[in-house]
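What follows is a short report on a single structure.
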Amino acid sequence: MNAPVVIERPGPATPKTAGAPGGAHREVHARPEDFKQRSHESVNDPHLRSSFRGAMDFLIERRAVHFSDLVAFETLRKLGEQVRQHALSKLPELLDQLEAKLTELGVHVHWAETPEDANRIFLDIAQRHEAKLMVKGKSMVSEEIELNHVMADHGIECLETDMGEYILQLDGDRPSHIIMPAIHKTKQDVAEIFHEHIAGAPLTDDVNELIGIGRKALREKFGAAKIGVSGVNFMVAETGSIVLVENEGNGRLCTSVPDVHIAITGLEKVIDKLEHVVPLYALLPKSATGQAVTTYLNVITGPRREGERDGPREMHLVLLDNGRTQAYREERFRATLQCIRCGACMNHCPVYTRVGGLSYGTTYPGPIGSIISPHLVGLKSTRDLPTASSLCGACGEVCPVKIPIPEMLMKLREAGRHSITQSMTPPTQALVGQGEVRAISEAMAWRGWRVLYSHAFLYRLFAWFAPRLRWLTPAWQGGWTKSRTPLKPAPKSLRDMMADRDKRRR
Amino acid sequence: MGVTVHFPRNQTCCGQPAYTTGFPEEARKVAAAQLDLFPEDWPIIVPSGSCGGMLKHHWPKLFKDDAVLQAKADSLAERTVEFTDYVVNVLGLQLPAGGKPTKVALHTSCSARREMGTLDIGRAALGRLPGVELVIHDHESECCGFGGTFSVKHPDISSAMASDKLESIRKTGCDALVSADCGCLLNLNGSLAKRRDTLRGEHIATFIRSRMDASTEGTA
Ligand code: SF4
C-alpha cells in the first residue's frame with residue numbers, strides 16, 4: 001500500500017546539510033554485502049539519525065492510538081495470523097483455485113520463477129501492444145525484479161505514479177521503507193528534485209503545493225499509457241479478486257484507465273475467502289500508517305465486462321516465486337511468508353531507525369527484510385543481516401500477523417554458521433548459502449565454550465583463575481571496546497564469595 | 001528475611017549466548033550438564049532476567065527430542081523466578097519509611113521484560129522503597145544495544161543504541177540507574193566508563209540492599 005508521501009513531521013524541517021542522504025542525485029547500488037560499511041556511515045550521519053528517529057517516532061505514535069487496548073489487539077492479530085497461516089497451509093491448492101477462477105474471469109495468469117522470467121512476461125505483453133509507456137502504482141515486487149530498469153533497457157518507460165516512488169525515480173534513488181519509500185527525503189530535497197526535473201516547477205517547500213506539482217505532472221501520463229501496472233495486497237482464491245490498498249488514488253487510475261492492466265505480486269499473497277480480507281484490512285493501515293482506513297480499497301475482479309464503461313480490456317497477473325517456495329518448503333522458515341508488508345516492524349526497530357533503509361542494500365529493509373532477503377537472494381550476500389539485531393523483540397511484538405521475527409533471525413543465524421557441527425534441525429531443503437557463510441573459527445569457539453561450560457570441573461578451574469588473572473585482560477576487545485571499556489572479570493567472583501560464606505558458616 | 005540461599009557450585013551459564021547466535025546444540029549441552037543441579041522442589045532464583053527467560057522459556061524447547069531431559073527442564077522452568085519478582089511477590093518486600101530521597105531510572109532488559117514481566121515488577125519493587133522516586137526516561141522500553149554477540153558483530157549500531165539510551169537516562173537528572181539484567185549493565189557501565197561519566201548502573205539487588213542497610217541504620 002502507499003501512503004501520503006511527504007509527511008509533515010512535527011518540529012522544524014531539518015535543513016539539508018552537505019553530504020546528507022537524498023538530495024543530490026546519486027547512483028545507488030543495492031548490495032547487502034556492504035551493510036556493515038553503509039550502516040557505519042549512517043549511524044555517523046546526524047542528519048539521517050535524527051530524521052529517521054523523528055519519522056519512526058511519528059509512525060509509532062500514530063499506530064499506538066489504534067492499538068491502545070492490548071487485549072483487543074492481541075485478539076485481532078491472532079485472527080490475522082490464522083488467516084495467513086490457514087492460507088499458507090493450503091497454498092498449492094489455493095493457487096490452483098485462484099488460477100482457475102482468474103482464468104474463468106478472463107485474466108491471464110503467469111508464473112515467474114525468477115525476476116528475469118517476470119520481466120520477460122512484462123516485455124512480451126508490452127511488445128505485443130507496442131507500448132512505450134507504462135504507468136505503475138506502488139509495488140515492492142516490481143522493485144524486487146527491477147522492472148523500471150529492465151523496461152528502460154528495452155526502450156519502455158515505466159513511470160512511478162505513487163508520489164514517493166515518483167520522487168525517487170526522478171532522483172535515481174531507491175526506496176528506504178516499504179510503505180514510505182521516500183521517508184529519507186526532506187521536503188527541501190523534494191522541492192529541489194521537482195524544480196530540477198519537472199519543467200516549470202517553482203522552487204517551493206510548501207508540501208501541498210509540492211504534491212500538487214507532482215500530481216499534475218503525473219495526471220497527464222495516465223491517459224497516454226497503454227499499460228497500467230500495480231502491486232497486490234491480497235488475492236482472494238474464492239472469488240479471483242485482487243485487493244489493492246492505497247491512499248493516493250493512483251492505484252485506481254493505473255488499474256482502470258489504461259487498456260491493459262498487469263498486476264504483479266509474490267505467490268504467497270493469496271488468501272482463501274473474501275471475508276478473510278476483513279481482519280487483514282483491519283490490521284494493515286493501522287499498523288502501517290496509523291490510519292483506521294485508507295482512502296481507497298480497490299477490489300478488482302476481472303477486466304472490463306460487456307456493457308461496462310471503464311476498466312481495462314485486458315488483465316494479467318504475474319505471480320513471482322523468487323525464493324518463496326524455498327522458504328515455504330522449510331517449515332521453520334514458513335512463517336516468513338505470513339507477512340502483509342505493513343512496515344510496522346521497521347518503524348519499531350532500533351536498528352532500522354539508526355541505519356535507515358538504504359543501508360540494507362535489499363528491496364525489503366528492516367526486520368522483515370532481514371528474514372525474507374536470505375530466501376530471495378541467498379544467505380551469502382545477506383549474511384550480516386540476520387546478525388544485525390539485538391533480538392530485542394520489538395518487531396515480533398507489533399507484527400500484525402504474529403511472525404516470530406526474532407526466532408526467524410536466530411534460525412537464519414543457525415543456517416548461516418559454518419557446518420562443522422551437525423545442525424539440530426537438519427534442513428529439508430538447504431537455503432542458498434547455508435552452512436558456509438560464517439567463519440569456521442566462530443563455530444570452533446562455540447564448541448570450546450560448550451566444553452568449558454558443560455564440565456563443572458573445568459569451569460570451576462576457569463572461574464578460579466579468571467579473577468586472579470584479571471590484570472591480563474586485554475585493553476582492546478574487538479567491537480566491544482569501540483565505545484566501551486574492556487570487560488574484566490570481577491575482582492572476586494560470586495563463586496568465591498559463596499565459598500567464603502560457606503567457610504564462615506562451618 | 002528468613003530464606004536460606006543454596007548455590008550449587010557446579011552451575012555455569014544458561015546458554016543464551018550460544019542459543020541466540022545460532023548454536024542451539026552447544027547451548028543444549030551446557031544446559032544438559034546442569035539439569036540435575038537443582039533436584040529439590042525449591043524455587044530457582046535468577047538474578048538476571050534474560051537468563052531467567054532462557055531457563056523458563058527456552059530450556060524446555062532444547063530437549064524436545066528427549067522426554068526424560070524435557071521433564072527435568074520443565075520442572076526447572078516451572079520453578080524459575082526472576083530475583084525482583086521473588087523479592088516483591090513472594091517475600092513481600094516492604095521497608096520502613098525514611099530513606100534518603102533518590103531519583104532512580106530503571107532499565108529493563110528487552111527479553112526479560114517480555115518473557116518475565118520485569119517492567120511492572122521492577123517498578124513495583126522501587127515503589128516499595130520509601131524515598132525512591134522512579135523517573136521515566138525517553139524511549140524507556142527501547143533496547144540498550146547489548147544483544148550479546150550483536151554488540152561485537154555490529155559495534156557501530158550497538159554503540160549508537162547505547163549512547164542514545166544513556167543520553168535519555170542522563171536527561172532525567174537521576175541519581176541512580178538500576179536494572180535487573182547483568183548483560184545490559186555490562187553494556188551500559190562499559191559505555192558510561194568510556195564516556196567518563198560518573199554514573200554507574202547498579203543491579204537492583206544491590207540497590208535494594210543498600211536501601212535496606214540505610215533504613216536499618218536509620219531506625220537503629
Ligand atoms: S513482518 Fe509483520 S510487521 Fe513486518 S512488514 Fe511483515 S506483517 Fe508487517
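Side notes on the structure shown:
- Helices in chain B, meaning DSSP H runs of at least 4 residues, each add -39500 (n - 2.57). Divided by all residues, the mean residue ellipticity at 222 nm is -13500 deg cm²/dmol.
- Degrees separating the helix A:366-377 axis from the principal Cα axis of chain A, which is the longest one: 80
- Straight-distance crosslink candidates among lysines, where the alpha carbon sits under 18 Å from residue A:286 and sequence neighbours closer than 8 are dropped: A:78, A:402
- In this simple spin-label model, placing a label point 7 Å from the Cα along the Cα-to-Cβ direction at both residue B:103 and residue B:124 gives a separation of 2.7 nm.
- Shape analysis of chain B places it in the oblate category; the axes a ≥ b ≥ c from the Cα gyration tensor give an a/c of at least 1.5, with a/b not above b/c.
- CD proxy at 222 nm, helix term only [per DSSP H run n ≥ 4: -39500 (n - 2.57); per residue of chain A; nearest 500]: -14000 deg cm²/dmol
- For region A:21-324, a Kirkwood radius taken over Cα pairs fed into Stokes-Einstein (10 °C, viscosity 1.306 mPa s) yields D = 77 µm²/s.
- With respect to chain A, whose longest principal axis is taken over its alpha-carbon atoms, helix A:207-222 is tilted by about 50°.
- Probe 1.4 Å, all protein chains present, accessible-area order of A:47, A:86, A:110, largest first: A:86, A:110, A:47
- Kirkwood hydrodynamic radius (C-alpha pairs) into Stokes-Einstein, region A:87-137, 4 °C and 1.567 mPa s, D in µm²/s: 100
- Alpha-carbon centroids, region A:70-132 and region B:11-60: separation in whole Å: 43
- Across chain A: Cys residues that no other cysteine approaches within a C-beta distance under 4.7 Å: A:158, A:254, A:339, A:342, A:349, A:399
- Protein-only accessible surface order, largest first, of B:198, A:295 at 1.4 Å: B:198, A:295
- 3J(HN,Hα) along region A:227-237, derived from phi through the Karplus expression 6.51 cos²θ - 1.76 cosθ + 1.60 where θ = phi - 60°, amounts to 10, x, 10, 9, x, 9, 8, 9, 10, 9, 5 Hz, with x in place of Gly and Pro.
- What region B:16-86 shows is 40 Å² of accessible area per residue, with the surface traced by a 1.4 Å probe over protein heavy atoms.
- For region B:16-86, the convex hull spanned by the alpha carbon atoms encloses 76 Å³ per residue.
- Amide hydrogen proximity for residue A:230: with H placed 1.01 Å from N in the peptide plane, the residues at 5 or more positions away or on another chain lying under 5 Å are A:137, A:262, A:263, A:264.
- Taking the charge dipole of region A:440-505 about its Cα centre, with +1 at Lys and Arg Cβ atoms and -1 at Asp and Glu Cβ atoms, the residue from A:461, A:478, A:498 reaching farthest to the positive side is A:498.
- For residue A:299 and residue A:44, the FRET efficiency from 1/(1 + (r/R0)^6), where r spans their Cβ atoms and R0 equals 60 Å, is about 0.80.
- Remark: the residue B:210-residue B:10 segment gains 69.1 nm on full extension, using 0.36 nm per residue and subtracting the alpha carbon distance.
- Each DSSP beta bridge with both residues in chain A is either parallel or antiparallel, and the antiparallel ones are about 25%.
- Rounded accessible area of residue B:195 (nearest 10 Å², 1.4 Å probe): 100
- What chain A shows is 42 Å² of accessible area per residue, with the surface traced by a 1.4 Å probe over protein heavy atoms.
- Across peptide A:406-413, the average count of Cβ atoms from other chains found within 10 Å of a residue's Cβ is 3.
- Here region A:440-505 is assigned +1 on the Cβ of each Lys and Arg and -1 on the Cβ of each Asp and Glu. Its dipole about the Cα centre then comes out at about 260 debye.
- Using θ = phi - 60° and Karplus 6.51 cos²θ - 1.76 cosθ + 1.60, couplings along region A:247-259 (whole Hz; Gly, Pro as x): 10, 9, x, 5, x, 5, 5, 4, 9, 10, 7, x, 5
- Rounded to 0.05, the FRET efficiency of the residue A:198 and residue A:440 pair, given R0 = 45 Å and the Cβ-Cβ distance, is 0.25.
- Backbone amide hydrogens, once placed in the peptide plane, bring residue B:202 within less than 5 Å of B:177, B:178, B:179, excluding anything fewer than 5 places away on its chain.
- Separation of the residue A:154 and residue B:94 label points, Cα + 7 Å toward Cβ, nm: 7.9
- For region A:440-505, the square roots of the Cα gyration tensor eigenvalues, ordered a ≥ b ≥ c, give a/c of at least 1.5 with a/b no greater than b/c, which places it in the oblate category.
- Legend: residues A:243, A:377, sorted from most to least accessible area (1.4 Å probe; ligands, DNA and RNA excluded), read A:377, A:243.
- Percent carbon-and-sulfur accessible area, chain A, ignoring ligands, DNA and RNA, probe 1.4 Å: 55
- Put simply, the Cα atoms of region B:46-163 extend 53, 42, 16 Å along their principal axes, the longest span coming first.
- Residues whose amide H comes within less than 5 Å of that of residue A:157, counting only those at least five positions distant or on another chain, are A:133, A:134 (H built at 1.01 Å from N in the peptide plane).
- D_trans [Stokes-Einstein, Kirkwood Rh over alpha-carbon pairs] for the protein assembly as shown, 25 °C, 0.890 mPa s, µm² s⁻¹: 88
- Divided by 2.2 N^0.38 Å, where N counts the residues, the Cα radius of gyration of region A:141-200 comes to 1.14.
- Accessible-area composition of region B:16-86, carbon plus sulfur, in percent [1.4 Å probe]: 58
- Förster radius 45 Å - calculated FRET efficiency between residue A:61 and residue B:3, Cβ distance, rounded to 0.05: 0.55
- Gain upon complete extension [residue A:274, residue A:476; 0.36 nm per residue less C-alpha separation]: 66.8 nm
- Surface/4 of the Cα convex hull for region B:103-220, nm²: 7.2
- Calculated from backbone phi, Karplus (6.51, -1.76, 1.60) coupling profile of region B:133-150 in Hz, x at Gly/Pro: 10, 7, 10, 8, 8, 4, 6, 4, 8, 7, 4, 7, x, 6, x, x, 5, 4
- Length added when fully stretched, residue B:37-residue B:133, from 0.36 nm per residue minus Cα-Cα: 30.6 nm
- Here is the interface size for A with B: some 5000 Å² of accessible area buried, both sides summed, with a 1.4 Å probe.
- Percent of Cα-Cα distances greater than 18 Å, calculated over region B:48-97: 42
The values are calculated or read from the model by the stated rules, or taken from the named source; none is laboratory data. Just so you know, these numbers come straight off a predicted model, no measurement behind them. Please note: Cβ atoms are built from the backbone with ideal geometry, for glycine as well, and neighbour counts cover all protein chains shown. Just the protein is used for accessible areas: all its heavy atoms, side chains included, with ligands, DNA and RNA removed. Shrake-Rupley method; radii C 1.70, N 1.55, O 1.52, S 1.80 Å.
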